[in-house]
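Asker: Right, I'll just put the structure down here and ask away after.
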Amino acid sequence: MGKGMRAGKKKSSLGGAANMQKQLQQVQMMQKKMEEIQAELETREIEATAGGGAVSITANGKKEIVKVIIKPEVVDPDDVEMLQDLIQVATNEALRQIEEMTQNEMEKLTGGLSIPGII
């Protein structure tokens, strides 16, 4: 080795800091876009039915039930259990569809990357 040269020592460069700044900006842009998508998703509604449409449940992107419709012919005081089951099935399906919609929109943003805490 020549004078003044040290093994393993690299030249310092400002490129690393600039690259880090660029990555930070990209993350901030993605975070802003994610917030916009989440706000838009909260306004969407999904309707799910059970019993051939006897029970209809509407849920929003906040995973809140916003409407329940029960056809009168399904209300049988002697078979309350069936009505309860239909409500449960329709509600679970509406919430499953909301979750699927949310995941699909986030995958579009992240390019399919699994980022913990995003959804």
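The values are calculated or read from the model by the stated rules, or taken from the named source; none is laboratory data. Given the structure is predicted, the values throughout are model-derived calculations rather than measurements. Quick reminder, even Gly has a Cβ in these numbers, built from the backbone with ideal geometry, and neighbours come from all protein chains shown.
Asker: I'm trying to understand the selection: among the residues of the stretch 69-108, which are free of Cβ contacts under 8 Å to residues at least 40 places away in the same chain, closer than 19 Å to ALA54 by Cβ and among the acidic types (Asp, Glu)?
Answerer: GLU73, ASP76, ASP78, ASP79, GLU81, ASP85
Asker: Return the residues of the stretch 35-76 that are closer than 16 Å to GLN88 by Cβ and polar (S, T, N, Q); say none if nothing qualifies.
Answerer: THR49, SER56, THR58
Asker: In the stretch 44-76, which residues are basic (Lys, Arg) and at pLDDT below 95?
Answerer: ARG44, LYS62, LYS63
Asker: Condition check: basic (Lys, Arg) and at positive phi. Does LYS71 satisfy that?
Answerer: Considered against the rule, which asks whether it is basic (Lys, Arg) and at positive phi, LYS71 comes out as no.
Asker: Further, regarding this structure: Within the stretch 60-67, identify whether any single residue is basic (Lys, Arg) and more than 14 Å from the chain's Cα centre (by Cα), and answer yes or no.
Answerer: Yes, that holds for at least one residue.
Asker: Checking ASP78 against (1) loosely packed, with under 11 Cβ neighbours inside 10 Å; (2) within 30 Å of MET34 (Cβ to Cβ); (3) of a type outside the set (A, V, I, L, M), which test does it fail?
Answerer: Tallying (1) loosely packed, with under 11 Cβ neighbours inside 10 Å; (2) within 30 Å of MET34 (Cβ to Cβ); (3) of a type outside the set (A, V, I, L, M), ASP78 fails exactly one: (2).
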